[in-house]
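Scroll down for the structure; my scribbles are underneath it.
The values are calculated or read from the model by the stated rules, or taken from the named source; none is laboratory data. The structure presented is a predicted model; accordingly, all values stated were derived computationally and were not measured. Ideal geometry is used to build each Cβ from the backbone, glycine not excepted, and the neighbour counts take in all protein chains shown. Just the protein is used for accessible areas: all its heavy atoms, side chains included, with ligands, DNA and RNA removed. Shrake-Rupley method; radii C 1.70, N 1.55, O 1.52, S 1.80 Å.
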Amino acid sequence: MRYHSYIFFDVEQTPHMLSKAELKKGKAEFIACVKEASHLRVQAYATLTLKAGTRFMLHVNAETPDAVQLLVRDLSHTTLGRHLSISHTLLGMTRPSQYNPKKAPKESAPETSHRYLVVYPFTKTVEWHLMPYDERRTIMKAHVDVGRKYSEKISQLLLYSYGIDDHEFIVSYQMDDLEAFQTLVMEMRETESRRHTKSDLPIFTCIHMSLSDALTMV
């Protein structure tokens, strides 16, 4: 499934007006709605205190962006959904690498999720895109080589967002050790490719858990 959407939810003040029984019922209805969308792959993450204006995030993997849209529509019609707001969205799709086109693209994140997910959009400079292809490929090789040093501990998924969102790419990393990931980022900052990054914010750090557990953040 080529399309990926990261949807970040926050709460309105009104959920606190619901009784415990109503809130419990609303969460069960929300979970059932996700389960009914068996044609989608949905993973839940807690984001409370890790990014202002968010409580939890759903990573939805689908065949079309329409399928993602319909799921969120149905969720917004649930009792709980009427008390939630969407604070951030990221949309991208998989495709073969520009620098290794013969390699089949990774269609989804690993089935066995690590504890942490870090996801962010980024955009390259105009000068980067106007640079000769062979020069870009050489620079990217050095960048990729750093990532390979950590491939046993950290899994990466690269998505393309050209023309379908505000940025050019979405990159996400899964890991169990945030310090190891931070070390990876520090090393990547020292590669030549960093000169050609126009923006790579905002950064979202998320904790993987069941949807039921993620909804305890509401």
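In whole Hz, what ³J(HN,Hα) sequence does the stretch 176-193 give by Karplus (6.51, -1.76, 1.60; θ = phi - 60°), x for Gly and Pro?
With the stated coefficients, the stretch 176-193 comes to 9, 10, 5, 5, 4, 5, 4, 5, 4, 5, 4, 5, 5, 5, 8, 8, 4, 4 Hz.
Straight-line reach from K24: which lysines have a Cα under 16 Å away, not including same-chain ones fewer than 8 places off?
Those lysines meeting the cut-off do not exist here.
Please list the non-local residues whose amide H lies under 5 Å from the amide H of Y160, H modeled 1.01 Å from N, same-chain partners needing a gap of 5 or more.
M93, T94, R95, I170
Project the alpha carbons of the chain onto their principal axes and report the range along each, largest first, in whole Å.
Projected onto the principal axes, the Cα atoms of the chain cover 61, 35, 29 Å.
Largest first and in whole Å, what are the equivalent-ellipsoid semi-axes of the stretch 114-218 based on the Cα gyration tensor, each being the root of 5 times an eigenvalue?
28, 18, 10
Which of the three applies to the stretch 1-83, rounded, prolate or oblate, going by the alpha-carbon gyration tensor with a ≥ b ≥ c and a/c under 1.5 meaning rounded?
It comes out oblate by the Cα gyration axes.
Tell me the carbon and sulfur percent of the accessible area for the chain, rounded to whole percent, probe radius 1.4 Å.
Taking all protein chains in place, the chain shows 53 percent carbon and sulfur surface.
If you average the sequence gap of Cα pairs under 8 Å that are 6 or more apart and divide by the length of the chain, what percent do you get for the contact order?
Relative contact order comes out at 29 percent.
Hey, if you put +1 on the Cβ of every Lys and Arg and -1 on every Asp and Glu Cβ in the stretch 27-110, which of L70, L48, Q98 ends up farthest toward the positive end of that dipole?
Q98
Let me have the 222 nm mean residue ellipticity of the chain computed from DSSP H runs of 4+ only, each contributing -39500 (n - 2.57), with the sum over all residues rounded to the nearest 500.
That calculation yields -9000 deg cm²/dmol at 222 nm.
Hey, which of these cross-link pairs are over 26 Å Cα-Cα: K153/K198; K141/K198; K35/K124; K35/K153; K124/K149; K35/K103?
K153/K198; K35/K124; K35/K153; K35/K103
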